[in-house]
Amino acid sequence: MRVTVKRKAHFNAAHRLYRKDWSDAKNEAIFGLCSNPHYHGHNYDFWVEVTGEIDPETGYVIDMKVLKDNVNAQVCNYMDHKNLNEQVEEFSDLNPTAEHIAFVIWTRLHKVLDKDFDLRITLFETERNCVVYSGE
Ligand code: NI
């Protein structure tokens, strides 16, 4: 029997969406306010969903404390109050859109969790806009 467990987490971070090979005018036309050269912040909320078989001994899919500790270490502590473009290695050459942030979160957690789990990340950049990545 496969069950999905979910944990919600949060970090605050600054970013700027832009391409170095585009002019400021083109960056502003495509990325709007998110291309502000002086950066701006978001309150990012995300759900981590882990789907797997229930362990017959514990009755857990995954110990929630293990999930919490990994989410904090790999994502929250790693990204909170950072300038994503300047301070988070994965974005040194990757535009920090919500899509790419969800991909980076998925990749960092996939690296440390049991590979038998299906992992899905839902990242909210605003209360109304979110993206979903599940490793495809
Ligand atoms: Ni933005």
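The values are calculated or read from the model by the stated rules, or taken from the named source; none is laboratory data. Model, not experiment: these values are computed from the prediction. Heads up, the Cβs are rebuilt from the backbone with ideal geometry, glycines too, and the neighbour counts pull from every protein chain shown. For the accessible areas, the whole protein counts, side chains as well, though only heavy atoms, and no ligand, DNA or RNA atoms are used. Shrake-Rupley method; radii C 1.70, N 1.55, O 1.52, S 1.80 Å.
If you add up the charges near Met64, with Lys and Arg at +1 and Asp and Glu at -1, over every other residue whose beta carbon is less than 12 angstrom from its beta carbon, what do you get?
Details: positive: Lys6, Arg7, Lys8, Lys65, Lys68; negative: Asp63, Asp69.
Result for the local shell: +3.
With only Lys, Arg, Asp and Glu charged, each at its Cβ (+1 for the first two, -1 for the last two), find how big the charge dipole of region 5-48 is about the Cα centre; round to the nearest 20 debye.
280
Taking only the alpha carbons of the chain, what extent do you get along each of the three principal axes, in Å, biggest first?
Between the extreme Cα coordinates on each principal axis of the chain lie 59, 26, 25 Å.
Could you check the simple spin-label distance between His10 and Trp22, using points 7 Å along Cα→Cβ, in nm with one decimal?
Distance between the two pseudo-spin positions: 3.1 nm.
Heavy atoms only, probe 1.4 Å: what % of the accessible area of region 14-84 goes to carbon and sulfur, would you let me know?
Details: 2180 of 4170 Å².
That fraction is 52 percent.
Given a Förster distance of 25 Å, report the FRET efficiency between Ser134 and Asn77 from their Cβ-Cβ distance, rounded to the nearest 0.05. Intermediate results must be reported in sequence, preceding the final value.
On the way: r = 23 Å, r/R0 = 0.94.
Working from the Cβ atoms, E equals 0.60.
For the chain, build the charge dipole from Cβ charges (+1 Lys, Arg; -1 Asp, Glu) around the Cα centre, then report which of Asn43, Ile62, Phe91 sits farthest towards its positive end.
Sorting the options by dipole projection puts first Asn43.
Would you work out the relative contact order for the chain, in percent, from Cα pairs under 8 angstrom that are 6 or more residues apart?
30
Pull up the cross-link candidates among the lysines for Lys82, meaning alpha carbon to alpha carbon under 17 Å and not fewer than 8 places away within one chain.
none
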